[in-house]
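*Asks:* What follows is a single structure, and I will ask about it in a moment.
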Amino acid sequence: MAPRKTSGRKSTKRRYGRAAGKSVESAMRRRKKGTLRRGKAGHGGRVKSRRQAIAIGLSEAREKGAKVPSRGRRAKKSAKGGAKRGAKGGAKRSVKRTAKRSAKRSAKRSAKRSAK
């Protein structure tokens, strides 16, 4: 008996669970209907962009406990890319300024947490 041929694709672990896909699907449907809203209380207005709808769907999935990668890891990767582009001359904003702003925000956030 000849050995079976396998496809060239490597088996990888799924990054997103099925439940996450369903919640994104439902968010997209709500966006099309016009019932998907921004913000925690939904007072931010109607969502028009696909990207925003996907982000909302994923965050809802996270809240429910579905398998979704954490937001931090993705943000770090994109920040690294931005720094590289800055060296090449693609980015207009200085990295120092954005780092300063993020430090300010985190300090503000921790102050709010300690007040509670």
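*Asks:* For region 15-69, just say rounded, prolate or oblate: build the C-alpha gyration tensor, square-root its eigenvalues into a ≥ b ≥ c, call rounded for a/c under 1.5, and beyond that prolate if a/b exceeds b/c, oblate if not.
*Replies:* Prolate, because a/c is 1.5 or more and a/b exceeds b/c.
*Asks:* So which of LYS22/LYS67; LYS67/LYS104; LYS40/LYS96; LYS13/LYS67 end up more than 20 Å apart, counting from Cα to Cα?
*Replies:* The answer is LYS67/LYS104; LYS40/LYS96.
Computed from the coordinates by the stated procedures, all read-outs in this text should not be read as laboratory data. Since the model is a prediction, treat every value here as computed from it, not as a measurement.
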